[in-house]
1. How many residues are under 24 Å from Met1 (Cα atoms) and either touching a residue at least 24 places away in the same chain (Cβ under 8 Å) or β-branched (Val, Ile, Thr) (or both) if we restrict to the stretch 27-43?
2. Identify all residues within the stretch 36-46 that are in a loop (DSSP other than H, G, I, E, B) and surrounded by 14 or more Cβ atoms within 10 Å (Cβ to Cβ); write none if there are none.
3. Return the pairs, sorted by first residue and then second, in which the second residue is surrounded by 10 or more Cβ atoms within 10 Å (Cβ to Cβ) and of a type in the set (Phe, Trp, Tyr), the first residue lies in the stretch 10-23 and is free of Cβ contacts under 8 Å to residues at least 60 places away in the same chain, the beta carbons are less than 9 Å apart, and the residues are 6+ apart or on different chains.
4. Trp33 versus (1) buried (at least 17 other Cβ atoms within 10 Å of the Cβ); (2) not in a helix (DSSP H, G or I): which is the lone unmet condition?
5. Among the residues of the stretch 8-30, which ones are charged (D, E, K, R) and not in a loop (DSSP other than H, G, I, E, B)?
6. What residue, among those in the stretch 19-30 that are closer than 13 Å to Lys58 by Cβ and among the charged types (D, E, K, R), is surrounded by the fewest Cβ atoms within 10 Å (Cβ to Cβ)?
Amino acid sequence: MDRYCLTLTIKARTIARGWWPDANTADQKFTSWIRLRGGADGTHIILIDEAEDGQVLKSWPGPA
């Protein structure tokens, strides 16, 4: 199982989800998704650590 899960929702609908074993890659994807999809109304992007009981590491546009 990959450790880091990234979820993109727009207007409460899941649009994309991805998992990566590496924190650096997951963080780069988080930044990329903001750049690519962050302009849409109702966009929310969350990066969580599955190994830490789903701890939210990053949330855009702010706290989850």
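Every number in this text was worked out from the coordinates using simple rules, so none of it is lab data. Just so you know, these numbers come straight off a predicted model, no measurement behind them. Here the Cβ positions follow ideal geometry from the backbone for every residue, glycine too, while neighbour counts run over all protein chains shown.
1. Number satisfying all stated conditions: 4.
2. Gly38
3. Ala16/Trp33; Gly18/Tyr4; Gly18/Trp33; Trp19/Tyr4; Trp20/Tyr4; Pro21/Tyr4; Asp22/Tyr4; Ala23/Tyr4
4. (2)
5. Matches in the stretch 8-30: Arg13, Arg17, Asp27, Lys29.
6. Asp27
Residue-by-condition table, conditions (1) surrounded by 13 or more Cβ atoms within 10 Å (Cβ to Cβ); (2) in contact with a helix residue (DSSP H, G or I) (Cβ under 8 Å, 6 or more places away or on another chain); (3) part of a helix (DSSP H, G or I); (4) of a type in the set (Phe, Trp, Tyr):
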| site | (1), (2), (3), (4) |
| --- | --- |
| Met1 | no, yes, no, no |
| Leu6 | yes, yes, no, no |
| Ile48 | yes, no, no, no |
| Ser59 | yes, no, no, no |
